[in-house]
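Nothing in this text is a laboratory measurement; each read-out follows from the coordinates by a stated rule. Predicted, not measured: the structure shown is a model, and the values here were computed from it. Glycine also receives a Cβ, built like all others from the backbone with ideal geometry; neighbour counts cover every protein chain displayed.
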2 protein chains.
Amino acid sequence: MVQEPDADRVAATRDRLVTPEEATRLAELFRLLGDPTRARLMYALLEAGELCVCDLADAVEVTDTAVSHALRLLRTAGIVASRRAGRMIYYRLADAHVRMLLDLSREHLKETG
Amino acid sequence: MVQEPDADRVAATRDRLVTPEEATRLAELFRLLGDPTRARLMYALLEAGELCVCDLADAVEVTDTAVSHALRLLRTAGIVASRRAGRMIYYRLADAHVRMLLDLSREHLKETG
DNA sequence: ACAACACCTGAAGAGCTATTCATATGTGCA
DNA sequence: TGCACATATGAATAGCTCTTCAGGTGTTGT
């Protein structure tokens, strides 16, 4: 690789581009959604609004331990929020952006097959 | 886990929910964006519109081989599209949804810190 | 206080993934 | 035709990730 077809634009792109750090954080966000179990949990919350761990385990048909592990990652990343009610802990999507993200992705899937 | 706090809503959620198959495909989409290198490639394309492999390698500061491998995954998934021009192959984001997805995610990062 | 429950956490192993190295393919130019 | 270049591909390995198992914490009801 010797040529540099459009060196100026490349330099500009590299400069204006998301920094490696920002990219890493963005990738982290996507990575968390990039697991079938976690994705299903997120869409369950999108659909139901708020669910406790046992409900989520039931809805997604996964061990409650696996759900707990998954939720910890999502919680730590600030993608979901939780609320305690007695022995149960209810989870919900953290913010509107995440909700839009999930909707938009489904759109993409619908239209691109 | 013995109780079922809201069995009806859970059942409804499980039924109306994205199917495991759909969830797997959605997760697959996110998983592809969930790697720093691929994420940076995507944002480079978002910024520049269209870039060849060597430009991308330069912008993202990764081996051209690594870029090629990464692009193959993205291409196969239909997230990016390519066009040949002489010896070079130019890549671009495949559709508007993907572009919105990338923008929205950056918003999320900006506002949630 | 004790038992049952909802949930969390740490460790461990199987499976997956990203990068690298070596090599192959296809294109343009002389 | 032959060489240089841009990109693609295959194999291999190091590193990561998800699930499970075993046990721990906090809460309710009796």
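The table below gives the values:
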| quantity | calculated |
| --- | --- |
| Every residue from the stretch B:65-80 that is more than 10 Å from DNA strand D (Cβ to nearest atom) and either part of a loop (DSSP other than H, G, I, E, B) or exposed (fewer than 14 other Cβ atoms within 10 Å of the Cβ) (or both) | B:A77, B:G78, B:I79 |
| Those residues of the stretch B:37-55 which are touching a residue at least 24 places away in the same chain (Cβ under 8 Å), crowded, with 16+ Cβ neighbours inside 10 Å and not in a strand (DSSP E or B), in sequence order | B:T37, B:R38, B:L41, B:M42, B:Y43, B:L45, B:L46, B:E50, B:V53, B:C54 |
| Residue in the stretch A:22-44 that is more than 24 Å from B:E111 (Cα to Cα), at the interface with chain B (Cβ under 9 Å from one of its Cβ atoms) and acidic (D, E) present | yes |
| Any chance A:D58 is closer than 29 Å to B:V67 by Cα and part of a helix (DSSP H, G or I) | no |
| Scan of the stretch B:29-54 for residues that are within 16 Å of DNA strand C (Cβ to nearest atom) and acidic (D, E), ordered by number | B:D35 |
| Test: residue in the stretch B:92-101 that is more than 10 Å from every other protein chain (Cβ to nearest Cβ), outside any helix (DSSP H, G or I) and within 13 Å of DNA strand D (Cβ to nearest atom) | yes |
| Complete set of residues in the stretch B:56-113 that are small (G, A, S), closer than 17 Å to B:L32 by Cα and within 11 Å of DNA strand C (Cβ to nearest atom) | B:A66, B:S68, B:A70 |
| Output for the stretch B:10-32, where each listed residue is in contact with a Leu (Cβ under 8 Å, 6 or more places away or on another chain) and away from DNA strand D (no atom under 13 Å from the Cβ) | B:V10, B:T13, B:V18, B:E22, B:R25, B:L26, B:L29, B:L32 |
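Let's see how each residue does on (1) exposed (fewer than 15 other Cβ atoms within 10 Å of the Cβ); (2) over 28 Å from A:Y91 (Cβ atoms):
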position	(1), (2)
B:D8	yes, no
B:E21	yes, no
B:L29	no, no
B:L33	no, no
B:T63	yes, yes
B:S82	no, yes
B:R87	yes, yes
B:L101	no, no
